[in-house]
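S.K.: Here it is, the structure in full.
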Amino acid sequence: MLAKRIIPCLDVKNGRTVKGVNFVDLRDAGDPVELAWNYSQQGADELVFLDITATVEKRKTLVELVKSVARQINIPFTIGGGINEIADADALLNAGADKISINSAAVRNPALIDELAKTFGVQFVIVAVDTRVMGDKNIVHLNGGRLPTEKQTLDWIKEAESRGAGEILLTSMDHDGTKVGFDNGLLKKVNDAVNIPVIASGGAGSVQHFVDVFKHTNVDAALAASVFHYGEILIPDLKGILKQNNIEVRI
Amino acid sequence: MIGIIRYGAGNIFSLTATLERLGIPYGMINTEADFELYDRYIIPGVGHAGAAMDKLVNTGLVPAIKALNKPTLGICVGMQLLTSYSEEGNADLLDLFPVKTLKFPQTANFKVPHTGWNQVFAEKENPLFKSIPLGSHFYFVHSYFIEYDPLYTLSSTSYINKFSASIWHDNFYGVQFHPEKSGIHGETLLKNFSKI
């Protein structure tokens, strides 16, 4: 059976790993290549690197990081952050990235999804969506959840799928950093509405939260950062408990 | 030493990085004369099977590939090229295996592409799967699959239906999953291939 995936996410700035609580305060949590290697040894199924570097040297630094990761890691990994055009994606693919993740750039220019899918194949394109509840609606947000758009989350995800997204990474900004569990209500709605894999993100605080998200929403993967970075949840323990709960995992 | 057949279909950085990490020597094949320099070959491939076949035809290497008698491993789309035909681009392929590459049907409960780690079950004795436990997980990402055929299927995986995770006929091998991304078992498979 196809296994549910556990994905640690590493936020990277200037070649170092950082993780913000609710994406605002940043704390240094180590060397990304060493962390990545460590996670692959622990049994992580995949890794996501989100680059939040803002300098002009960004692409060069990131390409070097991607090459180092590809040299040392034997599991798939995704790169996100600041990919605005085909050339950005091409440089990362050639450096060994398995997938790229686009977020704001896709909202601002939805045709970018079509172009990337056509050039590299749908399997290369993850569309990341940051969502926050406003009134009684789930609204797509940009800039780490600070800037609301006019798009409703489910509508945007369906549009992304039809344009060629191969996977959806859905982060609830209301849950992110809170450790109260994933937003299972929204995740189930989204997962039932699309025919591409969905990665749940935002809110993981305990092993039970991972059990719940797979049991209640049937998403394909669950992503988290701080609970892994600070050793609060160890991946072998997490997978052991998922297996006890009859959730298919790779051990 | 492994010769990697270069024809411009997809990125091979991860594959070469993995071979380097494992200490498996390799070189590149760009012309027919290069085949003699190596004792086994890999046909890589990512993307669209029909487009990949067009690129391979343009290299002029197709007759030489069809005549190879040393161990040859196709990976992902490189595996699909070994079959007779793909629904992706309605393309005639190398026809080294009289089986077809088909699109996963749309179903309510299964998403496409088939993305992630799935279990692989070897169905025959073959050194390619030496020291790899039955049911080990390998990393897949594909929307087209090679039909199951007891004659040519070396290992199988189930997703929507049972299909060929790997195929084997004489000196030709193909794997649908990505051994270079499949953790320790993927590394074992590549080491096994380097010794076949």
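S.K.: Can you name the residue in region B:117-133 that is surrounded by fewer than 24 Cβ atoms within 10 Å (Cβ to Cβ) and under 25 Å from B:Glu88 (Cα atoms) and is also nearest to the other protein chains (Cβ to nearest Cβ) among such residues?
M.R.: By that ranking, first place goes to B:Asn118.
S.K.: I would also like to ask the following. Of the numbered conditions (1) within 11 Å of another protein chain (Cβ to nearest Cβ); (2) among the charged types (D, E, K, R); (3) under 26 Å from B:Val112 (Cβ atoms), A:Asp114 satisfies every one except a single condition; which is it?
M.R.: (1)
S.K.: What do you reckon, is B:Val46 without any contact (Cβ under 8 Å) to a residue 40 or more places away in the chain, surrounded by fewer than 23 Cβ atoms within 10 Å (Cβ to Cβ) and either more than 14 Å from chain A (Cβ to nearest Cβ) or under 17 Å from the mean Cα position of the chain (by Cα) (or both)?
M.R.: Details: without any contact (Cβ under 8 Å) to a residue 40 or more places away in the chain: yes; surrounded by fewer than 23 Cβ atoms within 10 Å (Cβ to Cβ): no; either more than 14 Å from chain A (Cβ to nearest Cβ) or under 17 Å from the mean Cα position of the chain (by Cα) (or both): yes.
No: the conditions fail for B:Val46.
S.K.: Here's another thing I want to ask about it. (1) surrounded by fewer than 23 Cβ atoms within 10 Å (Cβ to Cβ); (2) within 18 Å of B:Gly174 (Cβ to Cβ): which one isn't true of B:Asn90, the others all being true?
M.R.: Result: B:Asn90 fails condition (2) only.
S.K.: Name the single residue, out of those in region B:53-73 being closer than 18 Å to B:Tyr173 by Cα and touching a Gly at 6+ places or on another chain (Cβ under 8 Å), that is surrounded by the most Cβ atoms within 10 Å (Cβ to Cβ).
M.R.: B:Leu73
S.K.: Further question on the same structure: Only one of B:Ala33, B:Ala9, B:Ala51 is among the small types (Gly, Ala, Ser) and over 25 Å from B:Phe140 (Cα atoms); which?
M.R.: Values: B:Ala9 fails: over 25 Å from B:Phe140 (Cα atoms); B:Ala51 fails: over 25 Å from B:Phe140 (Cα atoms).
None of the others qualify; the one that does is B:Ala33.
S.K.: Tally time: how many residues in region A:177-212 are surrounded by fewer than 24 Cβ atoms within 10 Å (Cβ to Cβ), among the charged types (D, E, K, R) and more than 14 Å from chain B (Cβ to nearest Cβ)?
M.R.: So the answer is 4.
S.K.: Further question on the same structure: Would you please name the residue that is farthest from A:Gly43 (Cα to Cα), looking only at residues in region B:172-196 that are in contact with a strand residue (DSSP E or B) (Cβ under 6 Å, 6 or more places away or on another chain) and either away from every other protein chain (no Cβ under 14 Å) or among the polar types (S, T, N, Q) (or both)?
M.R.: Filtering region B:172-196 for residues that are in contact with a strand residue (DSSP E or B) (Cβ under 6 Å, 6 or more places away or on another chain) and either away from every other protein chain (no Cβ under 14 Å) or among the polar types (S, T, N, Q) (or both), the one farthest from A:Gly43 (Cα to Cα) comes out as B:Phe172.
S.K.: Quick one: in region A:87-111, of everything that is over 19 Å from the mean Cα position of the chain (by Cα) and within 14 Å of chain B (Cβ to nearest Cβ), which residue is surrounded by the most Cβ atoms within 10 Å (Cβ to Cβ)?
M.R.: Here the answer is A:Ala95.
S.K.: Quick one: is B:Ile167 among the aliphatic types (A, V, I, L, M) and more than 21 Å from B:Ile65 (Cβ to Cβ)? Working first, answer last.
M.R.: Working: among the aliphatic types (A, V, I, L, M): yes; more than 21 Å from B:Ile65 (Cβ to Cβ): no.
So B:Ile167 does not fit the description; no.
S.K.: I need the strands (runs of 3 or more DSSP E) fully contained in region A:61-164, keeping only those with at least 2 residues that are among the aliphatic types (A, V, I, L, M).
M.R.: Numbers: elements: A:77-80, A:99-102, A:125-134, A:137-142, A:147-152.
Here the list reads A:99-102, A:125-134, A:137-142.
S.K.: From the set of residues in region A:43-62 that are among the β-branched types (Val, Ile, Thr) and crowded, with 18+ Cβ neighbours inside 10 Å, which is farthest from the other protein chains (Cβ to nearest Cβ)?
M.R.: Restricting to residues being among the β-branched types (Val, Ile, Thr) and crowded, with 18+ Cβ neighbours inside 10 Å, the top hit is A:Thr53.
S.K.: Could you run through region A:242-251 and say how many residues are of a type in the set (Lys, Arg) and assigned to a helix (DSSP H, G or I)?
M.R.: So in region A:242-251, the residues of a type in the set (Lys, Arg) come out as A:243, A:250.
Within this subset, residues satisfying the condition of being assigned to a helix (DSSP H, G or I) are A:243.
Count: 1.
S.K.: I'd like the residue in region B:134-156 that is over 14 Å from the mean Cα position of the chain (by Cα) and free of Cβ contacts under 8 Å to residues at least 40 places away in the same chain and, out of all such residues, is farthest from the other protein chains (Cβ to nearest Cβ).
M.R.: B:Leu151
S.K.: Could you go through region A:230-246 and let me know if any residue there is closer than 27 Å to A:Lys118 by Cβ and modelled with pLDDT of 95 or more.
M.R.: First, pick out the residues of region A:230-246 that are closer than 27 Å to A:Lys118 by Cβ: none.
Looking for residues that are closer than 27 Å to A:Lys118 by Cβ and modelled with pLDDT of 95 or more, one finds none in region A:230-246, hence no.
S.K.: Among the listed residues A:Arg146, A:Arg163, A:Arg132, identify the single one that is in contact with a Ser or Thr (Cβ under 9 Å, 6 or more places away or on another chain) and over 19 Å from A:Arg5 (Cβ atoms).
M.R.: On the way: A:Arg146 fails: in contact with a Ser or Thr (Cβ under 9 Å, 6 or more places away or on another chain); A:Arg163 fails: in contact with a Ser or Thr (Cβ under 9 Å, 6 or more places away or on another chain).
That would be A:Arg132, the only listed residue that is in contact with a Ser or Thr (Cβ under 9 Å, 6 or more places away or on another chain) and over 19 Å from A:Arg5 (Cβ atoms).
S.K.: In this structure, is B:Val46 modelled with pLDDT under 95 and closer than 26 Å to B:Gly186 by Cβ? Please lay out each step first, then the result.
M.R.: Details: modelled with pLDDT under 95: yes; closer than 26 Å to B:Gly186 by Cβ: yes.
Yes; evaluated as a whole, the condition is true for this residue.
S.K.: Continuing with this model, one more query. Output the residues belonging to region B:19-29 that are more than 16 Å from the chain's Cα centre (by Cα), surrounded by 14 or more Cβ atoms within 10 Å (Cβ to Cβ) and closer than 17 Å to B:Leu189 by Cβ.
M.R.: B:Arg21, B:Leu22, B:Ile24, B:Tyr26
S.K.: For region A:50-69, which residues satisfy the criterion of being of a type outside the set (Ser, Thr, Tyr) and at pLDDT 75 or above? Full working, then the answer.
M.R.: Initial filter on region A:50-69 (of a type outside the set (Ser, Thr, Tyr)): A:50-52, A:54, A:56-60, A:62-67, A:69.
Within region A:50-69, A:Leu50, A:Asp51, A:Ile52, A:Arg59, A:Lys60, A:Leu62, A:Val63, A:Glu64, A:Leu65, A:Val66, A:Lys67, A:Val69 meet the criteria.
The values are calculated or read from the model by the stated rules, or taken from the named source; none is laboratory data. Being a predicted model, the structure only gives us computed values, none of them experimental. Ideal geometry is used to build each Cβ from the backbone, glycine not excepted, and the neighbour counts take in all protein chains shown.
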